[in-house]
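In what follows, a single structure is set out as structure tokens and then discussed.
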Amino acid sequence: MSVLGRCYRMVLLTGGVVWLSLSTAFAAKVDTFYVDEFLRITESSPIWESPQFFQLLSNEVQLLANDGLLPHRYPLIEQDALLYQLKQHQAIPETIRFDVIHQYFRALTDLHYGPTLIAGVEPYLSYPEATRSISIDFNNILNFALSGMDDPAEAFALARPDYGPYQQLRATFEATERFGGLTEAQRLTVQINLERLRRLGHKVSEQMLLVDIAGAELMLFDGSPVPVLRQASQVGRTDRQTPLMWSEITHLTVNPFWTVPPTVYREDMLPQIRQDLGFLQDNQIQVLDFDGRPLNPASINWRNPGRILLRQSPGDLNELGRLVVRFPNNEAIFLHDTPSQGYFSQNMRALSSGCIRLQEAPELAHQLLSVSQTDAADQLDHLLSTGRTQELFLEQRIPVLLAYWTVELDADKGLSFRSDIYGLDEPMKQFFRDLAALEGS
């Protein structure tokens with residue numbers, strides 16, 4: 001890299017984070033202040049007399065197809081005419097300079113953040129609330145662009161997510177496309193999953209618990225791309241979906257009570273109680289008022305029970321099993337042990353009422369306590385054996401991400417397509433269809 005290029009790379013602007021407000025779902029609103037700043041900084045740069053720079057820039061834009069983006073979305077203003085003008089040593093008008101760099105910024109912004117983030121498609125719940133939302137920082141985009149002064153490929157490499165699964169899927173997609181191995185529908189599915197990985201690349205961390213909802217499995221990472229733990233899970237069924245979410249694991253509950261959620265109470269338990277009042281005793285369920293005082297089930301009019309709570313005692317019958325993994329959210333979602341272990345042998349494991357059921361809850365709990373450097377890791381087996389309900393708070397919170405992918409990489413078969421159990425692919429696909437139509441594909 002030249003000295004001039006290195007100097008450009010060190011430029012940092014004040015102004016902080018820029019929030020985008022969209023009037024349309026399809027237009028990336030580039031803050032023109034940063035485009036003007038790029039033009040000011042590069043006013044006397046040799047790039048404005050270099051056909052090679054603009055040819056390399058055009059090449060990089062075309063390669064965005066391997067990222068699942070639409071190269072024609074970023075037109076570089078009659079490229080051939082521009083190159084001819086440069087070869088004739090004619091000065092490029094200011095308006096043309098602005099338009100070219102504006103498209104350069106759009107391309108880098110979509111590559112780094114994803115057009116669906118800008119458009120608000122497939123949002124993630126984020127807890128603690130408003131602390132982890134992603135906004136467009138055009139300081140980053142400006143510095144990416146300036147880093148590509150010698151070769152725009154460097155700017156695109158910096159903007160491209162440095163997230164292993166994204167890089168692997170992109171490379172496999174490129175190789176498969178080279179040999180024409182995908183149908184149009186499959187190509188669109190890969191495109192939207194690259195978009196999901198592009199957006200989540202801003203949320204993943206070296207230490208985290210990742211729940212793959214569509215794949216019904218989870219992985220715990222501790223500073224390495226290889227998970228320290230990987231196991232099957234059961235996720236919410238189609239009418240009680242597990243939400244897309246980002247939060248932080250705060251504590252574990254050992255030998256938990258289970259306060260029955262309102263939906264499960266109304267739709268699942270109340271019909272059984274009306275048929276047989278013994279259902280409560282058989283399942284070790286207490287009836288409580290909203291102050292926590294026990295009520296006599298026989299004294300309640302179960303056709304109109306009023307304001308009551310059902311609470312299941314700890315034990316082998318408890319629907320939460322022996323362990324619960326908790327994190328802040330308003331959806332009453334957590335990970336928990338389950339007595340329904342037989343269902344883990346099924347390929348289709350969208351079976352719960354929204355929470356994530358664990359195949360090996362004690363193993364996950366041990367790893368979480370160990371990764372978070374919590375002393376109770378050595379005491380967990382004893383605490384489980386007591387049967388007493390206890391809360392174990394982690395010394396360090398561990399990020400947890402509930403995500404959704406319908407494409408994965410199989411070591412033997414390459415691209416493997418999953419069932420879209422929640423129907424989340426279609427809105428994403430429609431976004432890209434509309435985007436292609438809007439841009440004149």
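Points to keep in mind about this one:
- Residue count for the range 149-167, restricted to those that are open to solvent by less than 30 Å² (accessible area, probe 1.4 Å), in a helix (DSSP H, G or I) and over 14 Å from residue 54 (Cβ atoms): 3.
- Annotation: of all residues in the range 40-57 being assigned to a helix (DSSP H, G or I) and open to solvent by less than 20 Å² (accessible area, probe 1.4 Å), the one that is nearest to residue 173 (Cα to Cα) is 57.
- Any chance residue 370 is surrounded by fewer than 22 Cβ atoms within 10 Å (Cβ to Cβ), in a strand (DSSP E or B) and polar (S, T, N, Q): no
- Residue 407, sole failed condition from (1) in contact (Cβ under 8 Å) with a residue 24 or more places away in the chain; (2) closer than 30 Å to residue 179 by Cβ; (3) exposed (fewer than 15 other Cβ atoms within 10 Å of the Cβ): (3)
- Count of the range 331-347 residues which are in a loop (DSSP other than H, G, I, E, B), modelled with pLDDT of 90 or more and open to solvent by 60 Å² or more (accessible area, probe 1.4 Å): 3
- The set of residues in the range 205-233 being of a type in the set (Val, Ile, Thr) and touching a strand residue (DSSP E or B) at 6+ places or on another chain (Cβ under 7 Å) consists of 211, 213, 228.
- Residue check for residue 18: within 30 Å of residue 191 (Cα to Cα), at pLDDT 90 or above and open to solvent by less than 50 Å² (accessible area, probe 1.4 Å): no
- Restricting the range 410-422 to residues that are in a loop (DSSP other than H, G, I, E, B) and in contact (Cβ under 8 Å) with a residue 60 or more places away in the chain leaves a set whose member that is surrounded by the fewest Cβ atoms within 10 Å (Cβ to Cβ) is 419.
- Residue 428 satisfies every condition listed in (1) of a type outside the set (Phe, Trp, Tyr); (2) in a helix (DSSP H, G or I); (3) under 29 Å from residue 222 (Cβ atoms); (4) in contact with a Ser or Thr (Cβ under 7 Å, 6 or more places away or on another chain) except (3).
- Tabulated pairs, the range 285-308, first under 22 Å from residue 319 (Cα atoms) and open to solvent by less than 60 Å² (accessible area, probe 1.4 Å), second outside any loop (DSSP other than H, G, I, E, B) and of a type in the set (S, T, N, Q), C-beta under 8 angstrom, 6+ apart or interchain: 285/312
- Evaluating residue 29 against the criteria (1) open to solvent by 50 Å² or more (accessible area, probe 1.4 Å); (2) at pLDDT below 90; (3) assigned to a helix (DSSP H, G or I) leaves one unmet condition, (3).
- Qualifying residue in the range 181-188 (condition: surrounded by fewer than 19 Cβ atoms within 10 Å (Cβ to Cβ) and more than 18 Å from residue 425 (Cβ to Cβ)): yes
- Condition check for residue 394: more than 20 Å from residue 220 (Cβ to Cβ) and open to solvent by less than 30 Å² (accessible area, probe 1.4 Å): no
- The range 113-130, residues that are within 25 Å of residue 158 (Cβ to Cβ) and either free of Cβ contacts under 8 Å to residues at least 60 places away in the same chain or touching a His at 6+ places or on another chain (Cβ under 8 Å) (or both): 113
- Taking the conditions (1) in contact with a Leu (Cβ under 6 Å, 6 or more places away or on another chain); (2) part of a loop (DSSP other than H, G, I, E, B) in turn, residue 304 satisfies each one other than (1).
The values are calculated or read from the model by the stated rules, or taken from the named source; none is laboratory data. Remember, predicted model here, so these are calculated numbers, not experimental data. All Cβ positions, glycine included, derive from the backbone under ideal geometry; neighbour counts span all protein chains shown. Surface areas here come from the heavy atoms of the whole protein model, side chains and all, with no ligands, DNA or RNA. Shrake-Rupley method; radii C 1.70, N 1.55, O 1.52, S 1.80 Å.
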